[in-house]
Amino acid sequence: MKNLIKRAAWDIYGAQHVVALTGAGVSTESGIPDFRSPGGLWEKYDPMEFMYERFIANPKRIWEMSLKMKREGDLDMAEAMPNQAHLALSELEAMGYLKCVITQNVDNLHQKAGSSDVIEFHGSLLWGRCIGCGRRYPSDAIDDKIDAGQLPPLCGQCGGILKPDAVFFGEPIPPQALQRSISEARRADVMIVAGTSAVVYPAAELPFIAKRGGGFFSTSVIEPSPNVGAIVIEVNDEPTQLTGKVSDYLILGKVGTVLPEIIAQLRELEREKGTK
Ligand code: APR
């Protein structure tokens, strides 16, 4: 692993535009369970419950489920604190290498760690949104509505139903997040993919775009990729769908250990070679 850490530091040191794609594995060391690992959320809850149609069919039921998940500490976003993985990515940005974090997580921990350019590809659970007029509400304002007996909570502007502002299955990715993520993936000459099983699309397509500028977005109207062939570095505690196919190499380990080690190696390299 030591050699791969050195290799990653070299690749980042030589890069012009580093982008990170993160998943739930980046937040497990903050006490938030991921989805598909043993003991993950989808072992305890049926993911089909989080289909957009199910919410539309019975919003009260989905709000009751999310309250239950909060009570049982499975969705405790407000109290969670960033871990060494989040802090390492924030430091990589401060060092001038990392241009943006594209996250599938809805926990705001990258922002809490100080990352300034975070694309919330699957939305955020720190907000709710009216499915009528689109107005957004911070989660504590929604908690007040629920405490006042409003279940489902309603929009004060149009009376519409509020929905947790995380992307449910079958719901489109927020257009601006999608657009920006595709163009960042295209611009990347190094993409760090950390803590994701890479089985959920279209997020899992982004490493393909970074690698080949291809994939199913290539035929869309988006401008052709300026550079093809980003180096895709995976950091995960198990091989994923990308391993050996799209990623150049996998550093097998805990993100809270590996990412800080890469930063330490990068700083050593800078001492030897000078900062960029
Ligand atoms: N260090 C390294 N890898 C880890 C760690 C850790 N501390 N903890 C977990 N992992 C790995 C797991 O082994 C797994 O490969 O991170 C990956 C997490 O994968 P998933 O649970 O599938 O989470 P994610 O890829 O983010 O899921 C994508 O699916 O359920 C939907 O919308 C939800 O955004 C989510 C999307």
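Taken as a whole, the condition of being farther than 24 Å from residue 171 by Cβ and assigned to a helix (DSSP H, G or I) applies to residue 9. Listed by position, the strands (runs of 3 or more DSSP E) inside segment 94-212 whose residues that are within 28 Å of residue 253 (Cα to Cα), more than 15 Å from the ligand (Cβ to nearest atom) and not acidic (Asp, Glu) number at least 1 are 98-103, 190-194.
Selection of segment 166-217 for residues being under 20 Å from residue 47 (Cα atoms) and open to solvent by less than 40 Å² (accessible area, probe 1.4 Å) yields 166, 167, 168, 173, 195, 196, 197, 198, 200, 202, 203, 204. Within segment 222-240, if we keep just the residues that are assigned to a loop (DSSP other than H, G, I, E, B) and modelled with pLDDT of 95 or more, the residue that is surrounded by the most Cβ atoms within 10 Å (Cβ to Cβ) turns out to be 230.
Within segment 62-74, the set of residues being part of a helix (DSSP H, G or I) and in contact (Cβ under 8 Å) with a residue 12 or more places away in the chain comprises 62, 63, 64, 65, 66, 67, 69. Residues in segment 10-37 that are near the ligand (Cβ under 10 Å from one of its atoms) and within 12 Å of the chain's Cα centre (by Cα) were compared, and the one that is farthest from residue 101 (Cα to Cα) is 34.
The values are calculated or read from the model by the stated rules, or taken from the named source; none is laboratory data. Keep in mind that this is a model prediction, so the values were computed, not measured. Cβ coordinates were reconstructed from backbone atoms using ideal geometry, including for glycine residues, and neighbour counts include every protein chain displayed. Each accessible area value is taken on the protein alone, full model and side chains, heavy atoms only, with ligands, DNA and RNA left out. Shrake-Rupley method; radii C 1.70, N 1.55, O 1.52, S 1.80 Å.
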